[in-house]
1. As I understand it, the value is the acute angle between the Cα axis of helix 34-50 and the longest principal axis of the Cα atoms of the chain; what does it come to in degrees, rounded to 10?
2. For the full complex of protein chains and a 1.4 angstrom probe, list Y258, Y144, Y114 by accessible area with the highest value first.
3. How large is the charge dipole for the chain, taken about the Cα centre, if only the Cβ atoms of Lys, Arg (+1) and Asp, Glu (-1) carry charge, to the nearest 20 debye?
4. Evaluate the relative contact order of the range 2-265 (contact order divided by residue number), counting alpha-carbon pairs under 8 angstrom at least 6 apart; express in whole percent.
5. For every other residue with a beta carbon closer than 15 angstrom to the beta carbon of A170, add +1 if it is Lys or Arg and -1 if Asp or Glu, then tell me the sum.
6. How much length is gained if the chain between L168 and E90 is pulled fully straight, taking 0.36 nm per residue apart and subtracting their Cα-Cα distance, in nm to one decimal?
7. Considering only A56, L26, G42, whose Cα is most displaced toward the positive end of the charge dipole of the range 26-89, charges sitting on Cβ of Lys, Arg (+1) and Asp, Glu (-1)?
8. Just to confirm a number: summing +1 for Lys and Arg and -1 for Asp and Glu over residues other than C74 whose beta-carbon lies under 10 angstrom from that of C74, what do you get?
Amino acid sequence: MLRKLLGLARTEPIDLAQWQRITAGLPFLDHLDEAERALLKGQCEAFLAAKAFSGAAGFVIDDEVRIAIALQACLPALHLGLSGYRDFVEIVVYPDRFVAPRKEIDEAGVMHEYHDELAGEAMQGGPVVLSWPDADPAGGHAGYNVVIHEFAHKLDMVDGSPDGAPPLPAGMRARWTHTMTTAYEDFCIGLDRIEAAIPRHVDPESAAADAWYDGLPLDPYAATDPGEFFAVAAEAFFTAPQALAHAYPSLYALFRDYFRQDPLTGAGDSRSR
Ligand SMILES: [Zn+2]
(Lines give C-alpha, C1' and ligand atoms only; values in the text may rest on other atoms or scores of the structure.)
Protein backbone atom coordinates (compact mmCIF):
# COMPACT_ATOMS: atom_id res chain seq x y z
CA MET A 1 0.00 0.00 0.00
CA LEU A 2 2.81 2.40 0.89
CA ARG A 3 4.46 1.74 -2.46
CA LYS A 4 1.18 2.61 -4.15
CA LEU A 5 0.85 5.84 -2.24
CA LEU A 6 4.39 6.78 -3.12
CA GLY A 7 3.79 5.89 -6.74
CA LEU A 8 6.67 3.43 -6.73
CA ALA A 9 4.81 0.40 -8.01
CA ARG A 10 4.68 0.72 -11.78
CA THR A 11 3.11 -2.53 -12.91
CA GLU A 12 1.83 -5.72 -11.40
CA PRO A 13 2.37 -8.58 -13.86
CA ILE A 14 -0.68 -10.73 -14.67
CA ASP A 15 -0.05 -14.40 -15.34
CA LEU A 16 -0.74 -15.02 -19.04
CA ALA A 17 -2.76 -18.21 -18.53
CA GLN A 18 -4.93 -16.49 -15.93
CA TRP A 19 -5.41 -13.50 -18.25
CA GLN A 20 -6.44 -15.72 -21.13
CA ARG A 21 -8.88 -17.63 -18.96
CA ILE A 22 -10.54 -14.48 -17.59
CA THR A 23 -10.75 -12.72 -20.95
CA ALA A 24 -11.89 -15.78 -22.94
CA GLY A 25 -15.39 -15.42 -24.29
CA LEU A 26 -15.96 -11.84 -23.18
CA PRO A 27 -17.96 -10.47 -26.13
CA PHE A 28 -17.00 -6.83 -25.47
CA LEU A 29 -13.35 -7.68 -26.25
CA ASP A 30 -14.14 -9.30 -29.64
CA HIS A 31 -13.18 -6.23 -31.64
CA LEU A 32 -9.64 -6.03 -30.24
CA ASP A 33 -6.77 -7.38 -32.33
CA GLU A 34 -3.76 -9.10 -30.81
CA ALA A 35 -1.80 -5.85 -30.38
CA GLU A 36 -4.74 -4.18 -28.62
CA ARG A 37 -5.20 -7.19 -26.34
CA ALA A 38 -1.54 -6.95 -25.38
CA LEU A 39 -1.97 -3.20 -24.79
CA LEU A 40 -5.04 -3.88 -22.61
CA LYS A 41 -3.10 -6.42 -20.54
CA GLY A 42 -0.26 -3.93 -20.03
CA GLN A 43 -2.70 -1.24 -18.99
CA CYS A 44 -4.37 -3.60 -16.53
CA GLU A 45 -0.96 -4.36 -15.02
CA ALA A 46 -0.34 -0.63 -14.51
CA PHE A 47 -3.89 -0.12 -13.24
CA LEU A 48 -3.58 -2.92 -10.68
CA ALA A 49 -0.30 -1.48 -9.42
CA ALA A 50 -1.86 1.97 -9.02
CA LYS A 51 -5.21 1.06 -7.43
CA ALA A 52 -6.12 -0.37 -4.04
CA PHE A 53 -9.08 -2.75 -3.94
CA SER A 54 -11.04 -3.27 -0.77
CA GLY A 55 -13.94 -5.56 -0.05
CA ALA A 56 -16.92 -4.16 1.86
CA ALA A 57 -19.56 -6.02 3.88
CA GLY A 58 -17.40 -9.11 4.08
CA PHE A 59 -16.62 -9.37 0.36
CA VAL A 60 -13.27 -11.04 -0.26
CA ILE A 61 -11.19 -9.57 -3.09
CA ASP A 62 -9.10 -12.07 -5.05
CA ASP A 63 -7.01 -11.75 -8.21
CA GLU A 64 -9.90 -12.88 -10.41
CA VAL A 65 -12.03 -10.01 -9.12
CA ARG A 66 -9.24 -7.46 -9.46
CA ILE A 67 -8.33 -8.52 -13.01
CA ALA A 68 -11.98 -8.73 -14.13
CA ILE A 69 -12.67 -5.21 -12.87
CA ALA A 70 -9.36 -3.84 -14.21
CA LEU A 71 -9.94 -5.09 -17.74
CA GLN A 72 -13.41 -3.52 -17.94
CA ALA A 73 -12.13 -0.26 -16.41
CA CYS A 74 -9.20 -0.11 -18.82
CA LEU A 75 -11.21 -0.95 -21.96
CA PRO A 76 -12.68 2.56 -22.50
CA ALA A 77 -9.27 4.10 -21.73
CA LEU A 78 -7.38 1.72 -24.05
CA HIS A 79 -6.31 4.46 -26.50
CA LEU A 80 -6.95 7.43 -24.19
CA GLY A 81 -4.48 6.34 -21.53
CA LEU A 82 -4.98 5.90 -17.81
CA SER A 83 -4.43 9.56 -16.90
CA GLY A 84 -8.21 10.00 -16.58
CA TYR A 85 -8.11 7.62 -13.61
CA ARG A 86 -5.39 9.49 -11.74
CA ASP A 87 -7.64 11.30 -9.26
CA PHE A 88 -8.38 8.27 -7.10
CA VAL A 89 -6.80 5.11 -5.74
CA GLU A 90 -9.53 3.10 -4.10
CA ILE A 91 -12.00 0.66 -5.63
CA VAL A 92 -14.52 -0.71 -3.14
CA VAL A 93 -16.41 -3.91 -3.98
CA TYR A 94 -19.59 -5.08 -2.25
CA PRO A 95 -20.96 -8.65 -2.34
CA ASP A 96 -24.25 -7.30 -3.65
CA ARG A 97 -26.01 -4.03 -4.44
CA PHE A 98 -25.39 -1.48 -1.73
CA VAL A 99 -27.41 1.23 -0.12
CA ALA A 100 -26.31 4.85 -0.23
CA PRO A 101 -27.91 7.49 2.00
CA ARG A 102 -29.18 10.52 0.10
CA LYS A 103 -30.28 13.99 1.10
CA GLU A 104 -32.19 16.29 -1.18
CA ILE A 105 -33.79 19.66 -0.62
CA ASP A 106 -36.98 20.08 -2.65
CA GLU A 107 -38.36 23.27 -4.20
CA ALA A 108 -40.25 24.07 -0.98
CA GLY A 109 -36.97 23.91 0.95
CA VAL A 110 -37.86 20.65 2.69
CA MET A 111 -35.02 18.22 3.28
CA HIS A 112 -35.74 14.66 2.18
CA GLU A 113 -33.57 11.81 3.39
CA TYR A 114 -33.78 8.50 1.59
CA HIS A 115 -31.73 5.52 0.44
CA ASP A 116 -30.69 4.49 -3.04
CA GLU A 117 -29.84 0.91 -3.93
CA LEU A 118 -26.84 1.07 -6.24
CA ALA A 119 -24.89 -1.28 -8.53
CA GLY A 120 -22.04 1.21 -8.78
CA GLU A 121 -20.97 4.73 -7.93
CA ALA A 122 -18.06 6.94 -8.98
CA MET A 123 -17.21 9.85 -6.74
CA GLN A 124 -15.36 12.88 -8.03
CA GLY A 125 -11.82 12.74 -6.68
CA GLY A 126 -12.87 9.67 -4.70
CA PRO A 127 -13.35 5.93 -5.00
CA VAL A 128 -15.29 3.84 -7.44
CA VAL A 129 -17.74 1.55 -5.63
CA LEU A 130 -19.10 -1.57 -7.31
CA SER A 131 -21.44 -4.46 -6.59
CA TRP A 132 -19.63 -7.65 -7.63
CA PRO A 133 -22.66 -9.48 -9.13
CA ASP A 134 -23.12 -6.45 -11.38
CA ALA A 135 -19.40 -5.98 -12.09
CA ASP A 136 -18.70 -9.67 -12.82
CA PRO A 137 -18.24 -9.74 -16.61
CA ALA A 138 -19.36 -13.37 -16.75
CA GLY A 139 -22.84 -12.28 -15.71
CA GLY A 140 -23.07 -9.31 -18.07
CA HIS A 141 -25.60 -8.80 -20.81
CA ALA A 142 -25.84 -6.61 -23.89
CA GLY A 143 -26.18 -2.93 -23.09
CA TYR A 144 -25.31 -3.29 -19.41
CA ASN A 145 -21.86 -2.95 -17.88
CA VAL A 146 -21.57 -1.14 -14.56
CA VAL A 147 -17.75 -0.99 -14.63
CA ILE A 148 -17.65 0.71 -18.04
CA HIS A 149 -20.44 3.00 -16.81
CA GLU A 150 -18.63 4.15 -13.66
CA PHE A 151 -15.28 4.57 -15.41
CA ALA A 152 -16.96 6.56 -18.21
CA HIS A 153 -18.04 8.90 -15.39
CA LYS A 154 -14.41 9.04 -14.26
CA LEU A 155 -13.32 10.08 -17.77
CA ASP A 156 -16.11 12.67 -17.81
CA MET A 157 -15.09 14.02 -14.37
CA VAL A 158 -11.48 14.77 -15.36
CA ASP A 159 -12.54 18.32 -16.24
CA GLY A 160 -15.14 18.87 -13.53
CA SER A 161 -18.57 17.57 -12.64
CA PRO A 162 -19.97 14.90 -14.96
CA ASP A 163 -21.72 16.76 -17.77
CA GLY A 164 -21.46 14.21 -20.57
CA ALA A 165 -18.39 15.88 -22.09
CA PRO A 166 -14.98 14.51 -21.11
CA PRO A 167 -11.84 16.43 -22.13
CA LEU A 168 -11.81 16.37 -25.95
CA PRO A 169 -9.45 17.24 -28.76
CA ALA A 170 -10.24 20.80 -29.89
CA GLY A 171 -11.43 19.58 -33.29
CA MET A 172 -14.05 17.32 -31.74
CA ARG A 173 -15.81 19.68 -29.30
CA ALA A 174 -18.45 21.22 -31.58
CA ARG A 175 -19.29 17.84 -33.10
CA TRP A 176 -19.50 16.29 -29.62
CA THR A 177 -21.89 18.93 -28.32
CA HIS A 178 -24.12 18.77 -31.39
CA THR A 179 -24.23 14.97 -31.63
CA MET A 180 -24.69 14.33 -27.91
CA THR A 181 -27.35 17.01 -27.49
CA THR A 182 -29.31 15.79 -30.51
CA ALA A 183 -29.21 12.15 -29.37
CA TYR A 184 -30.00 13.03 -25.74
CA GLU A 185 -33.01 15.12 -26.70
CA ASP A 186 -34.25 12.46 -29.10
CA PHE A 187 -33.91 9.82 -26.38
CA CYS A 188 -35.81 11.92 -23.83
CA ILE A 189 -38.64 12.51 -26.32
CA GLY A 190 -38.77 8.77 -27.07
CA LEU A 191 -38.90 7.97 -23.36
CA ASP A 192 -41.70 10.50 -22.78
CA ARG A 193 -43.66 8.85 -25.60
CA ILE A 194 -43.21 5.40 -24.11
CA GLU A 195 -44.18 6.54 -20.62
CA ALA A 196 -47.32 8.11 -22.05
CA ALA A 197 -48.16 4.83 -23.80
CA ILE A 198 -47.94 2.66 -20.66
CA PRO A 199 -51.52 1.97 -19.52
CA ARG A 200 -52.46 3.34 -16.13
CA HIS A 201 -52.99 -0.11 -14.61
CA VAL A 202 -49.32 -0.97 -15.28
CA ASP A 203 -46.83 0.24 -12.68
CA PRO A 204 -43.99 1.91 -14.68
CA GLU A 205 -41.50 0.70 -12.02
CA SER A 206 -42.61 -2.94 -12.28
CA ALA A 207 -41.37 -5.70 -14.59
CA ALA A 208 -44.74 -5.56 -16.34
CA ALA A 209 -43.65 -2.24 -17.89
CA ASP A 210 -40.50 -3.77 -19.42
CA ALA A 211 -42.30 -4.59 -22.67
CA TRP A 212 -42.71 -0.86 -23.30
CA TYR A 213 -39.19 0.15 -22.26
CA ASP A 214 -37.68 -2.66 -24.35
CA GLY A 215 -38.40 -0.52 -27.40
CA LEU A 216 -35.80 2.03 -26.28
CA PRO A 217 -32.26 1.85 -27.67
CA LEU A 218 -30.76 2.60 -24.20
CA ASP A 219 -31.65 2.00 -20.57
CA PRO A 220 -34.20 4.66 -19.47
CA TYR A 221 -31.70 5.80 -16.82
CA ALA A 222 -29.86 7.54 -19.69
CA ALA A 223 -32.52 10.25 -19.62
CA THR A 224 -31.48 11.34 -16.09
CA ASP A 225 -29.04 14.00 -17.34
CA PRO A 226 -26.33 14.39 -20.02
CA GLY A 227 -23.70 12.83 -17.69
CA GLU A 228 -25.75 9.66 -17.28
CA PHE A 229 -26.55 9.67 -20.99
CA PHE A 230 -22.82 9.56 -21.77
CA ALA A 231 -22.17 6.74 -19.27
CA VAL A 232 -25.13 4.61 -20.42
CA ALA A 233 -24.34 5.22 -24.11
CA ALA A 234 -20.70 4.22 -23.45
CA GLU A 235 -21.94 0.93 -21.93
CA ALA A 236 -24.02 0.37 -25.06
CA PHE A 237 -21.12 1.30 -27.36
CA PHE A 238 -18.99 -1.52 -25.94
CA THR A 239 -21.63 -4.13 -25.12
CA ALA A 240 -24.46 -3.54 -27.64
CA PRO A 241 -22.74 -1.70 -30.51
CA GLN A 242 -25.18 -2.82 -33.19
CA ALA A 243 -28.17 -1.45 -31.30
CA LEU A 244 -26.43 1.89 -30.62
CA ALA A 245 -25.21 2.24 -34.23
CA HIS A 246 -28.69 1.44 -35.51
CA ALA A 247 -30.46 3.95 -33.22
CA TYR A 248 -27.84 6.72 -33.26
CA PRO A 249 -25.33 6.24 -36.11
CA SER A 250 -23.78 9.70 -35.59
CA LEU A 251 -23.31 9.03 -31.88
CA TYR A 252 -21.76 5.65 -32.61
CA ALA A 253 -19.33 7.28 -35.08
CA LEU A 254 -18.49 9.99 -32.53
CA PHE A 255 -17.67 7.41 -29.85
CA ARG A 256 -15.68 5.34 -32.39
CA ASP A 257 -13.51 8.41 -33.05
CA TYR A 258 -13.28 9.41 -29.37
CA PHE A 259 -12.46 5.97 -27.93
CA ARG A 260 -10.53 5.06 -31.11
CA GLN A 261 -12.16 1.63 -31.10
CA ASP A 262 -14.81 0.08 -33.33
CA PRO A 263 -16.75 -2.55 -31.37
CA LEU A 264 -18.93 -3.23 -34.43
CA THR A 265 -16.00 -5.02 -36.05
CA GLY A 266 -16.28 -7.67 -33.36
CA ALA A 267 -20.04 -7.97 -33.16
CA GLY A 268 -21.15 -11.38 -34.31
CA ASP A 269 -17.57 -12.63 -34.58
CA SER A 270 -16.47 -15.88 -33.13
CA ARG A 271 -15.97 -15.62 -29.41
CA SER A 272 -13.40 -18.37 -29.30
CA ARG A 273 -10.36 -16.11 -29.23
ZN1 LIG B 1 -24.12 6.89 -13.61
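The values are calculated or read from the model by the stated rules, or taken from the named source; none is laboratory data. As the structure is a computational prediction, the values presented were derived from the model and not from experiment. Methodologically, a virtual Cβ is constructed for each residue, glycine included, from the backbone with ideal geometry; neighbour enumeration extends over all protein chains shown. Heads up: the accessible areas ignore ligands, DNA and RNA and are worked out on the full protein's heavy atoms, side chains in. Shrake-Rupley method; radii C 1.70, N 1.55, O 1.52, S 1.80 Å.
1. 90
2. Numbers: Y258 15, Y144 65, Y114 85 Å².
In descending accessible area the options line up as Y114, Y144, Y258.
3. On the way: 21 positive and 41 negative charges, 224 e Å.
Here the chain has a charge dipole of around 1080 debye.
4. Worked out over the range 2-265, it gives 17 percent.
5. 0
6. Numbers: separation 78, 0.36 × 78 = 28.08 nm, distance 2.57 nm.
Contour length minus Cα-Cα distance gives 25.5 nm.
7. A56
8. Values: positive: K41; negative: E45.
Around C74, the charge tally is 0.
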